[in-house]
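Asker: Could you have a look at this structure, given as structure tokens, before my questions?
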Amino acid sequence: VQLQASGGGLVQAGSSLRLTCSASGQTAGDYSMGWFRQGPGKEREFVAAWRRMGGNPVYADIVKGRFTISRDISRNTIRLQMNSLGPEDTAVYYCAAGRVIASTTTSQSAYNYWGQGTQVTVSS
């Protein structure tokens, strides 16, 4: 499975951005997909995900109400709409795919495939 992320950029605080991740490969449709991010000097952290077998999307508390993850199953694509961005959202955003279950949705180790990352920089 190959993942291609796009949509990052430099924006001012309060702005919005939308990230897109497309998965390709024979079994891409079998996987759940999500987003993680790694800020400067920080460890990589979970942002949001949508499990392949349905249910509601899962969000990190720090982005709830500001970020929305959506998916297009037929195109093996997920998007992350990010609103009300602040400098604390500055990070490299990675999309990931894996056979996750409810208890592992937020765990990096549950995701087998990772995209190359896209930089999001929010100026104050």
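The values are calculated or read from the model by the stated rules, or taken from the named source; none is laboratory data. These numbers were taken from a predicted model, which means no experiment stands behind them. Positions of Cβ are backbone-derived with ideal geometry, glycine not excepted, and every protein chain shown enters the neighbour counts. For the accessible areas, the whole protein counts, side chains as well, though only heavy atoms, and no ligand, DNA or RNA atoms are used. Shrake-Rupley method; radii C 1.70, N 1.55, O 1.52, S 1.80 Å.
Asker: Counting only residues that are open to solvent by 50 Å² or more (accessible area, probe 1.4 Å) and either of a type in the set (V, I, T) or within 24 Å of D30 (Cα to Cα) (or both), how many does segment 40-50 have?
Answerer: 2
Asker: If you take the residues of segment 114-124 that are at pLDDT 95 or above and open to solvent by 30 Å² or more (accessible area, probe 1.4 Å), which of them is nearest to the chain's Cα centre (by Cα)?
Answerer: W114
Asker: While we're here: If I go through segment 15-49 residue by residue, how many of them are in a strand (DSSP E or B) and under 21 Å from L85 (Cβ atoms)?
Answerer: The qualifying residues number 15.
Asker: Would you please name the residue that is most open to solvent (accessible area, probe 1.4 Å), looking only at residues in segment 71-102 that are farther than 16 Å from A60 by Cβ and in a helix (DSSP H, G or I)?
Answerer: So the residue we want is R75.
Asker: Please go through segment 103-124 and pick out each residue that is farther than 12 Å from L3 by Cβ, part of a loop (DSSP other than H, G, I, E, B) and touching a strand residue (DSSP E or B) at 6+ places or on another chain (Cβ under 6 Å).
Answerer: T105, T106
Asker: Only one residue in S32, S22 is closer than 19 Å to S103 by Cα, polar (S, T, N, Q) and either exposed (fewer than 14 other Cβ atoms within 10 Å of the Cβ) or at pLDDT 90 or above (or both), so which one is that?
Answerer: S32
Asker: Tally up the residues in segment 52-66 that are in a loop (DSSP other than H, G, I, E, B), open to solvent by less than 50 Å² (accessible area, probe 1.4 Å), more than 23 Å from A13 (Cβ to Cβ) and in contact with a strand residue (DSSP E or B) (Cβ under 6 Å, 6 or more places away or on another chain), please.
Answerer: Residues flagged as in a loop (DSSP other than H, G, I, E, B), open to solvent by less than 50 Å² (accessible area, probe 1.4 Å), more than 23 Å from A13 (Cβ to Cβ) and in contact with a strand residue (DSSP E or B) (Cβ under 6 Å, 6 or more places away or on another chain) within segment 52-66 amount to 1.
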